[in-house]
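Novice: Next up is a structure, given as structure tokens.
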Amino acid sequence: MGRKLEKGKKVAGKSGSSHTYYEEGSKQNGGRKIAVTRYKGKDGKWHTKTKNAARDKYQRSGHKVHSGQDVDHKDNNKNNDSGSNLRAISKSENVGKENKRRAGKKGK
């Protein structure tokens with residue numbers, strides 16, 4: 001994985017048994033940051049799960065992301081994960097937005 005951005009940044013978990021930190025993404029995911037959560041399962045063993053950092057931050061701020069939705073960056077800057085810049089939109093709307101942005105780059 002990439003370089004740790006907020007090494008060991010703890011986020012409140014059930015009885016202190018989890019923590020989350022953010023890492024830079026890889027070329028495979030377009031360089032988007034990922035949230036890595038380590039938690040202790042009912043079996044007493046430690047487990048790790050990852051998800052898109054923007055999605056994690058959006059959900060932690062109390063918003064819901066339903067099945068078939070993506071978390072979109074309003075300003076198209078994948079590094080700007082501020083709450084006012086994130087919104088949940090349908091996957092098809094998000095793909096359309098990205099295609100339109102890419103087509104605009106070709107015309108320049």
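Novice: Looking at K105, is it touching a helix residue (DSSP H, G or I) at 6+ places or on another chain (Cβ under 6 Å) and basic (K, R)?
Specialist: So K105 fails the test.
Novice: Now for a separate question. Only one residue in D81, D72 is touching a strand residue (DSSP E or B) at 6+ places or on another chain (Cβ under 7 Å) and in contact (Cβ under 8 Å) with a residue 24 or more places away in the chain. Which one?
Specialist: D72
Novice: For K97, only one of the following conditions fails: (1) surrounded by 13 or more Cβ atoms within 10 Å (Cβ to Cβ); (2) within 19 Å of H19 (Cα to Cα); (3) out of contact with any His (no Cβ under 7 Å at 6 or more places or on another chain); (4) of a type in the set (K, R). What is its number?
Specialist: Among (1) surrounded by 13 or more Cβ atoms within 10 Å (Cβ to Cβ); (2) within 19 Å of H19 (Cα to Cα); (3) out of contact with any His (no Cβ under 7 Å at 6 or more places or on another chain); (4) of a type in the set (K, R), the lone unmet condition for K97 is (2).
Novice: Which residue is nearest to Y21 (Cα to Cα), if the candidates are limited to segment 62-91 and must be surrounded by 11 or more Cβ atoms within 10 Å (Cβ to Cβ) and among the hydroxyl-bearing types (S, T, Y)?
Specialist: That would be S82.
Novice: Just a yes or no: is a residue in segment 25-35 within 26 Å of R101 (Cα to Cα), modelled with pLDDT of 90 or more and in contact with a Leu (Cβ under 9 Å, 6 or more places away or on another chain)?
Specialist: Looking for residues that are within 26 Å of R101 (Cα to Cα), modelled with pLDDT of 90 or more and in contact with a Leu (Cβ under 9 Å, 6 or more places away or on another chain), one finds at least one in segment 25-35, hence yes.
Novice: Tally time: how many residues in segment 36-61 are within 22 Å of S84 (Cα to Cα) and either surrounded by 12 or more Cβ atoms within 10 Å (Cβ to Cβ) or modelled with pLDDT of 95 or more (or both)?
Specialist: Step one: list which residues in segment 36-61 are within 22 Å of S84 (Cα to Cα), which gives 51-61.
Filter once more, so that each one left must be either surrounded by 12 or more Cβ atoms within 10 Å (Cβ to Cβ) or modelled with pLDDT of 95 or more (or both): 51-60.
Qualifying residue count, segment 36-61: 10.
The values are calculated or read from the model by the stated rules, or taken from the named source; none is laboratory data. Just so we're clear, the structure is a prediction, and the values are computed from it rather than from any experiment. Ideal geometry is used to build each Cβ from the backbone, glycine not excepted, and the neighbour counts take in all protein chains shown.
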